[in-house]
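Chemist: Quick one: this structure, given as structure tokens, is what I'll be asking you about.
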Amino acid sequence: MRAVVTRRLLMVLVLGAALALVGCGNRVEVRTVAETEGIYIDVGDLLYQVQISRIINPYDIEDRNYLRGLPTGTLPPKADEAWFGVWLRVQNTTEDTFETAADFEIVDTQENTFEPLDFGFEDNVFAYSPRPLGPQGILPNSEEPAGQGPVQGSLLLFKLTTDALQNRPLEFKITSPTDPSNVGIVDLDV
């Protein structure tokens, strides 16, 4: 009789432990580093995803549109530089409104740092522009040209040196607009 009670007690304890572990499966993982593009990372209260990154060819018809409306006085890349684009998607999964990030940089393995050109080029519907993102919002949204295109991301435009393109992996850093110590990092697939 005592063995039956002990066996039942053991079964109840095992079942209770299993249920507790299953309950832990509901916990949302916070990820601030991605070893590749396409993975959402948490920066502040928003999720960020690098859709794609690549060199932009100003002689290609599609790519010319990404360079439209550059700020006045922007010089073309020198012989040892190239235009480089990072297409970003931002998602708000909460019921509150939050500012999207405005501080980005690319860092190569030699610790050379590159910042994007000014946001919101004139007449460029693909350019990323920091703004408040409402509850359950996505940037770019499906009503914007950047959200309707094949990439479905907003463009951050950089001018990188050809040396930096060789010093891989390149790290794309996103700094939270509310907490500068909160930085998300994505290794770019160059």
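The values are calculated or read from the model by the stated rules, or taken from the named source; none is laboratory data. Bear in mind the structure is a predicted one, so any value in this text is a computation, not a measurement. Using ideal geometry, Cβ is built from the backbone for each residue, glycine included, and neighbour counts are taken over all protein chains shown.
Chemist: Spot the failing condition for Ala34; the list is (1) under 14 Å from the mean Cα position of the chain (by Cα); (2) of a type in the set (A, V, I, L, M); (3) modelled with pLDDT of 95 or more; (4) closer than 30 Å to Thr161 by Cβ, and only one is missed.
Modeler: (3)
Chemist: If you take the residues in region 154-190 that are in contact (Cβ under 8 Å) with a residue 60 or more places away in the chain and hydroxyl-bearing (Ser, Thr, Tyr), which one is surrounded by the most Cβ atoms within 10 Å (Cβ to Cβ)?
Modeler: If we take residues in region 154-190 being in contact (Cβ under 8 Å) with a residue 60 or more places away in the chain and hydroxyl-bearing (Ser, Thr, Tyr), then Ser154 is surrounded by the most Cβ atoms within 10 Å (Cβ to Cβ).
Chemist: If I ask for residues that are modelled with pLDDT of 95 or more and not in a strand (DSSP E or B), which ones from region 70-94 would you list?
Modeler: Pro77, Lys78, Ala79, Asp80, Asn92, Thr93, Thr94
Chemist: Looking only at residues that are of a type in the set (Asp, Glu) and touching a residue at least 24 places away in the same chain (Cβ under 8 Å) in region 55-98, which one is farthest from Leu133 (Cα to Cα)?
Modeler: Taking region 55-98 as the starting set, the residues that turn out to be of a type in the set (Asp, Glu) are 60, 62-63, 80-81, 95-96.
Among the residues that remain, those that are also touching a residue at least 24 places away in the same chain (Cβ under 8 Å) are: 80-81, 95-96.
Numbers: Asp80: 37, Glu81: 34, Glu95: 10, Asp96: 9 Å.
Only one residue fits best here, namely Asp80.
Chemist: Across region 95-130, which residue is modelled with the highest pLDDT among those that are surrounded by 14 or more Cβ atoms within 10 Å (Cβ to Cβ), assigned to a loop (DSSP other than H, G, I, E, B) and among the β-branched types (Val, Ile, Thr)?
Modeler: Thr100
Chemist: Could you tell me which numbered condition Asn65 fails, if it satisfies all but one of (1) outside any loop (DSSP other than H, G, I, E, B); (2) in contact with a strand residue (DSSP E or B) (Cβ under 9 Å, 6 or more places away or on another chain); (3) farther than 28 Å from Val183 by Cβ?
Modeler: Asn65 satisfies all of (1) outside any loop (DSSP other than H, G, I, E, B); (2) in contact with a strand residue (DSSP E or B) (Cβ under 9 Å, 6 or more places away or on another chain); (3) farther than 28 Å from Val183 by Cβ except (2).
Chemist: Would you please name the residue that is surrounded by the fewest Cβ atoms within 10 Å (Cβ to Cβ), looking only at residues in region 40-94 that are among the polar types (S, T, N, Q) and over 13 Å from the mean Cα position of the chain (by Cα)?
Modeler: Thr72
Chemist: Among the candidates Ile52, Ile39, single out the residue that is in contact (Cβ under 8 Å) with a residue 24 or more places away in the chain, part of a loop (DSSP other than H, G, I, E, B) and under 21 Å from Thr175 (Cα atoms).
Modeler: Ile39 is the lone residue from the list that is in contact (Cβ under 8 Å) with a residue 24 or more places away in the chain, part of a loop (DSSP other than H, G, I, E, B) and under 21 Å from Thr175 (Cα atoms).
Chemist: For region 131-180: of the residues being among the charged types (D, E, K, R) and under 30 Å from Thr109 (Cβ atoms), which is modelled with the lowest pLDDT? Write out each step before concluding.
Modeler: Restricting attention to region 131-180, the residues satisfying the condition of being among the charged types (D, E, K, R) are 131, 143-144, 159, 163, 168, 171, 173, 179.
Add one more test, that the residue is under 30 Å from Thr109 (Cβ atoms), and what stays is 159, 163, 168, 171, 173, 179.
Details: Lys159: 97, Asp163: 96, Arg168: 92, Glu171: 98, Lys173: 98, Asp179: 96.
Ranking the candidates gives Arg168 first.
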